[in-house]
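S.K.: Here's a structure for you.
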Amino acid sequence: MERYILTIDQLEELYSIIKDEYKLISPTLKDGVIQYSQNIDFKDLPFGYTQMESAGFYTVKTTDDCYFSYIRPYNSLKQFLRPPKVNFMTVRRIDNNLTFEYHLKYEKYAFFDVRRCDLKALYILDKVFIENKYPDIQYKTVRENMFIVGVNCLKASDVCFCESMDINFEEGYGADIFITEIDKNFLVEVLTEKGKNFLNKIKLKKQQSMNLNKKEEVIEKFKTTIKKKLNTENLKDILYSKIDSPYWEELGKRCLSCTSCTQVCPTCFCFDIREENSLDMKVSERYFVWDSCFNQTFATVHKFNLREKISHRYRQWLMHKMAYWQDQFGTFGCIGCGRCITWCPVKIDIQIETQKLRDL
Ligand code: SF4
Ligand code: SF4
């Protein structure tokens, strides 16, 4: 593997050549939150900011420790790979004939600064949308043309519990290059040919030798900042044995079924297909829209709602993340990013609730 040490100026150069070739998505501070957004200038990356997050709480403050001082953004890659609402087809009735226009877009995205938890989320989404009998062509095409710059976290927030959720701190999970900030310089590890091509375009004086122990030190130091832990040993079977626990009713009394958790979750992928027809019934627009297992009609089949109570919907969500997903895809559906904890208006914490259920 080729490795380079870049200065902040060289990192800016790398950023701008990626931006020249791709529709670049990167984090920025906008509307009071750190979020992935398009077409961000290098100077508008949220260097020097960090989030304070806890159950139902979010704020941003400045810090001057390092450049990559913030944690993962509040939104995730799914917002771009599977946007909340996409008009993908128009059907027109002209005389007695129907015409079909398809609007699927195959954007050439690059993502700058994807943390290890979100790379694992991408690995999970790939299993859902690509690695099955009927791959989603739009998702698959966008994924194949994507460029990803991974970045190692330097500090966890109070909601992160990624270390418990099989996040591999050594491999890149599909990133093209991986950056570790070391003493305000950047170790860049080149993982693919696409990554190599970009690095070759920067006038790097020479490939420098380096002490890789420094990178390990950064990762180990980061791990010491993760305070939240979930015991996942035999978790699937333990949760299956709690399927009729009265504790689900307690959770159902607290949960508002607002869907906030599923919207921010990087691995929640459920969507619906909706039709909007013109009043004269000559034009019909067809959309993908995000759906949620917390929606009242989500499990309605032939007017019969299989999950009428909120407790049933909460149980479905938690069980899918922590148990069913393992049977379906061979992995947890949760990457421990903590977004659902931060954005739950009634402070329901999936790590605490899962731990409680296993300990009952
Ligand atoms: S369930 Fe919560 S902690 Fe787990 S991946 Fe989704 S948002 Fe992150
Ligand atoms: S767990 Fe929280 S965020 Fe999720 S639906 Fe219930 S109230 Fe909303």
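The values are calculated or read from the model by the stated rules, or taken from the named source; none is laboratory data. Keep in mind that what you see is a predicted model, and the values were worked out from it rather than measured. Quick reminder, even Gly has a Cβ in these numbers, built from the backbone with ideal geometry, and neighbours come from all protein chains shown. Keep in mind that these areas ignore ligands, DNA and RNA; they rest on the heavy atoms of the full protein, side chains included. Shrake-Rupley method; radii C 1.70, N 1.55, O 1.52, S 1.80 Å.
S.K.: Per residue, what volume in Å³ does the convex hull of the Cα atoms of segment 163-270 enclose? Please list the in-between numbers first.
M.R.: Values: hull volume 21.4 nm³, N = 108.
In segment 163-270, the Cα convex hull volume per residue is 198 Å³.
S.K.: What ranking, highest mean first, results for peptides 193-201, 92-100 when packing means the other Cβ atoms within 10 Å averaged over each residue?
M.R.: Working: 193-201: 15.2, 92-100: 8.8.
Peptide ranking by packing, descending: 193-201, 92-100.
S.K.: Each label point is 7 Å from the Cα along the Cα-to-Cβ direction; what then is the distance between the points at Thr99 and Asn87, in nm?
M.R.: Once both label points are built, they end up 1.5 nm from each other.
S.K.: Next question. Can you compute 3J(HN,Hα) from phi for each residue in segment 2-16, using the Karplus curve 6.51 cos²θ - 1.76 cosθ + 1.60 with θ = phi - 60°, rounded to whole Hz and x for Gly and Pro?
M.R.: 7, 9, 9, 9, 10, 7, 4, 5, 5, 5, 5, 5, 4, 4, 6
S.K.: When Rg is the radius of gyration of the Cα atoms in segment 207-314 and Rh is its Kirkwood radius, what does Rg/Rh come to? The partial results should precede the final answer.
M.R.: Values: Rg = 22.5 Å, Rh = 18.8 Å.
That ratio is 1.20, to two decimals.
S.K.: I would also like to ask the following. What number comes out for accessible area per residue over the chain if the probe is 1.4 Å? Units Å², please.
M.R.: On the way: 17500 Å² over 360 residues.
Per-residue value: 49 Å².
S.K.: Something else now. With labels modelled as points extended 7 Å from the Cα through the Cβ direction, what inter-label distance (nm, one decimal) is found for Val346 paired with Phe304?
M.R.: The answer from the label model is 2.8 nm.
S.K.: What three numbers, in Å, describe the spread of the alpha carbons of segment 124-207 along their principal axes, ordered from the longest?
M.R.: Principal axes ranked by extent give 47, 37, 16 Å for the Cα atoms.
S.K.: Let me ask something else about it. Using a Cα-Cα cut-off of under 18 Å, which aspartates and glutamates could be cross-linked to Lys253, ignoring same-chain neighbours fewer than 8 residues away?
M.R.: Asp244, Glu308, Asp349, Glu353
S.K.: In segment 276-320, which GluC sites (Glu not before Pro) are in a loop and have at most 15 other Cβ atoms within 10 Å, using DSSP for the loop call?
M.R.: Values: sites: Glu276, Glu285, Glu308; in loops: Glu308.
Answer in residue order: Glu308.
S.K.: Based only on the alpha carbon positions, what is the Kirkwood hydrodynamic radius of segment 1-154, in angstrom? Walk me through the numbers on the way to the answer.
M.R.: Numbers: mean 1/r = 0.0564 Å⁻¹.
It is 17.7 Å.
S.K.: If each residue of separation counts as 0.36 nm, what is the full-extension length gain between Lys356 and Glu12 once their alpha-carbon separation is subtracted?
M.R.: Values: separation 344, 0.36 × 344 = 123.84 nm, distance 4.59 nm.
Residue separation times 0.36 nm, minus the Cα-Cα distance, leaves 119.2 nm.
S.K.: Hey, another quick one. Taking Rh as the Kirkwood radius computed over C-alpha pairs, what is the Stokes-Einstein D of segment 111-171 at 20 °C in a medium of viscosity 1.002 mPa s, expressed in µm² per second?
M.R.: The Stokes-Einstein estimate is 164 µm²/s.
S.K.: Also: How many percent of Cα pairs in segment 68-144 exceed 15 Å? Show your work: numbers first, answer last.
M.R.: Numbers: 1919 of 2926 pairs.
Summing the P(r) of segment 68-144 above 15 Å gives 66 percent of all pairs.
S.K.: For the charge dipole of segment 100-229, defined by +1 on Lys and Arg C-beta atoms and -1 on Asp and Glu C-beta atoms about the Cα centroid, which residue among Thr180, Thr141, Tyr109 has the Cα displaced farthest towards the positive pole?
M.R.: Thr180
S.K.: Now, a different point. Would you mind giving the three semi-axes, in whole Å and largest first, of the ellipsoid equivalent to the chain according to its Cα gyration tensor?
M.R.: Numbers: eigenvalues 252, 169, 63 Å².
For the chain, the semi-axes come out at 35, 29, 18 Å.
S.K.: While we're on this one: Short version: ³J(HN,Hα) in whole Hz for each residue of segment 212-220, in order, from phi by Karplus 6.51 cos²θ - 1.76 cosθ + 1.60 (θ = phi - 60°), x for Gly and Pro, what are they?
M.R.: Per residue, the Karplus-derived 3J(HN,Hα) values read 5, 4, 4, 5, 4, 4, 4, 5, 5 Hz.
S.K.: With 25 Å as the limit, write out which pairs from Lys23/Lys120; Lys133/Lys303; Lys43/Lys228 have Cα-Cα distances beyond it, or answer none. Mind dumping the intermediate values first?
M.R.: On the way: Lys23/Lys120 22 Å; Lys133/Lys303 29 Å; Lys43/Lys228 33 Å.
Beyond 25 Å between Cα atoms: Lys133/Lys303; Lys43/Lys228.
S.K.: Also: Rounded to a whole number, what % of the accessible area of the chain do carbon and sulfur atoms account for, probe 1.4 Å? Write down the numbers at each step before the final one.
M.R.: Numbers: 8690 of 17500 Å².
Carbon and sulfur atoms account for 50 percent of the accessible area of the chain.
S.K.: List the aspartates and glutamates whose Cα lies under 15 Å from the Cα of Lys214, skipping any in the same chain that are fewer than 8 positions away.
M.R.: Glu170, Glu181, Asp183, Glu189
S.K.: Over 22 Å between Cα atoms: which of Lys242/Lys356; Lys236/Lys356; Lys155/Lys196; Lys221/Lys356; Lys78/Lys223 fall into that group? Write down the numbers at each step before the final one.
M.R.: On the way: Lys242/Lys356 11 Å; Lys236/Lys356 14 Å; Lys155/Lys196 28 Å; Lys221/Lys356 28 Å; Lys78/Lys223 26 Å.
Listed pairs above 22 Å: Lys155/Lys196; Lys221/Lys356; Lys78/Lys223.
S.K.: Which value, in Å³ per residue, describes the convex hull spanned by the Cα atoms of segment 257-343?
M.R.: On the way: hull volume 11.2 nm³, N = 87.
For segment 257-343, the hull spanned by Cα atoms encloses 129 Å³ per residue.
S.K.: Suppose each label sits 7 Å from its Cα in the direction of the beta carbon; what would the Lys23-Ser284 distance come out to in nanometres?
M.R.: Placing both labels 7 Å beyond Cα along the Cβ direction yields 2.7 nm.
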